[in-house]
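The block underneath contains the structure these notes are about, expressed in structure tokens.
The values are calculated or read from the model by the stated rules, or taken from the named source; none is laboratory data. The shown structure was predicted, so the numbers you read here are calculated from the model rather than taken from an experiment. FYI the Cβ positions are ideal-geometry reconstructions off the backbone, even for glycines, and counts take in every protein chain you see. These accessible areas exclude ligands, DNA and RNA; they are computed on the full protein's heavy atoms, side chains included. Shrake-Rupley method; radii C 1.70, N 1.55, O 1.52, S 1.80 Å.
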Amino acid sequence: MLRCGVLVSGRGSNLDALFQAKRRGDLPVEFVLVATDRPGVPAIINARNHGIPVWEASPQDFATREAFFSAMAETLHKAQVELVLLAGFMRILPASFIDRFPAIMNIHPALLPAFPGLHAQRQALEYGVRYTGCTVHFVDPGVDSGPIIAQAVVPILPDDDEDSLSARILIEEHKLYPACVRLYAEGRLQIEGRKVRILAPRESSEGSAGCGT
Ligand code: GRF
């Protein structure tokens, strides 16, 4: 089974959605490590409760940002992680980290390329768009700029505030992220430049994880 490592920085509701999908039998992957830059966050407690190995470290405890990411990458490598999933991980990954893994995915609470970076829901409200949503994409060295795998659209209602909108988007995030991870695990994502093609299911149930280029 595809070996996944998940990077988290906080609440971990997307991490939990991934765990639930696996428990339902909808996600043919193994979660082999959950790592964080914020020791003790709820996501890490949940991972522990699921018996999944965790790595917790503060970047302040390392001489440089590179040293922190190098230690994190080393731990993921030792766990033989094949796919890295960002689930509310609040740091930009250096290119040297990204280069070390076959693929890294992220989920972002907006319809990219609109509203990248922090406070995406607030950005959408302030801009006045009628629809926003969430995006799952492969990670490149930019900020939320990698090839898009899938998106879900969420309407903005007249009385929405940041909390109500975030909650409505989150419902879609929790469906979209496991679905995208599953596509990857089944070998059904093919990257063509900026575009990601979603391949039809194979006849046989034996998918080979990964994505073609
Ligand atoms: C989510 O909105 C996700 O899209 C963004 O950060 C938030 C993380 O929430 N990248 P959680 O920790 O998964 O609950």
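At R0 = 45 Å, how high is the FRET efficiency between residue 194 and residue 63 if r is their beta carbon distance? Nearest 0.05 is fine. E between residue 194 and residue 63, to the nearest 0.05, is 0.80. The alpha-carbon of residue 175 sits under 16 angstrom from the alpha-carbons of these aspartates and glutamates, leaving out residues fewer than 8 places away in its chain: 16, 26. The mean of 1/r over all distinct Cα pairs in segment 118-213, once inverted, gives the Kirkwood hydrodynamic radius of 14.9 Å. Derived value for the chain: Kirkwood hydrodynamic radius 17.6 Å. Basis is the mean of 1/r over every pair of different alpha-carbon atoms.
Hey, with R₀ at 41 Å, roughly what FRET efficiency would residue 95 and residue 153 work out to, going by the Cβ-Cβ distance, to 0.05? Let's see the in-between values first.
Values: r = 31 Å, r/R0 = 0.77.
E(calc), rounded to 0.05, equals 0.85.
Within the full protein context, the accessible area of residue 195 is estimated at about 150 Å² for a probe radius of 1.4 Å. Taking every DSSP beta bridge that has both ends in segment 119-213, the antiparallel portion is near 80%. For residue 30 and residue 114, the difference between the fully extended length at 0.36 nm per residue and the C-alpha to C-alpha distance is 27.0 nm.
Can you compute the equivalent ellipsoid semi-axes for segment 1-71, i.e. the square root of 5 times each eigenvalue of the Cα gyration tensor, sorted largest first and rounded to whole Å? Before the final figure, lay out each step's value.
Details: eigenvalues 119, 34, 15 Å².
With the √(5λ) rule applied to segment 1-71, the semi-axes are 24, 13, 9 Å.
Among DSSP beta bridges whose residues both lie in the chain, state the antiparallel percentage, nearest 5. Percentage antiparallel, nearest 5: 40. Rg and Dmax of segment 1-123, both derived from C-alpha coordinates alone, stand at 14.2, 42 Å.
Quick one: compute the contact order of the chain, relative version, from alpha carbon pairs under 8 angstrom and 6+ residues apart, as a percent. Could you put the intermediate results ahead of the total?
Details: 409 pairs, mean separation 38.0, N = 213.
Dividing the mean separation by the residue count of the chain yields 18 percent.
Taking other residues whose beta carbon is less than 12 angstrom from the beta carbon of residue 6, and scoring Lys, Arg as +1 and Asp, Glu as -1, yields 0.
Excluding the sites themselves, what is the longest stretch of the chain that contains no GluC sites (Glu not before Pro) in a DSSP loop with at most 11 other C-beta atoms within 10 Å? Before the final figure, lay out each step's value.
Numbers: sites that count: 203, 206.
Looking at the chain, 1-202 is the longest stretch - no exposed GluC sites (Glu not before Pro) with at most 11 other Cβ atoms within 10 Å.
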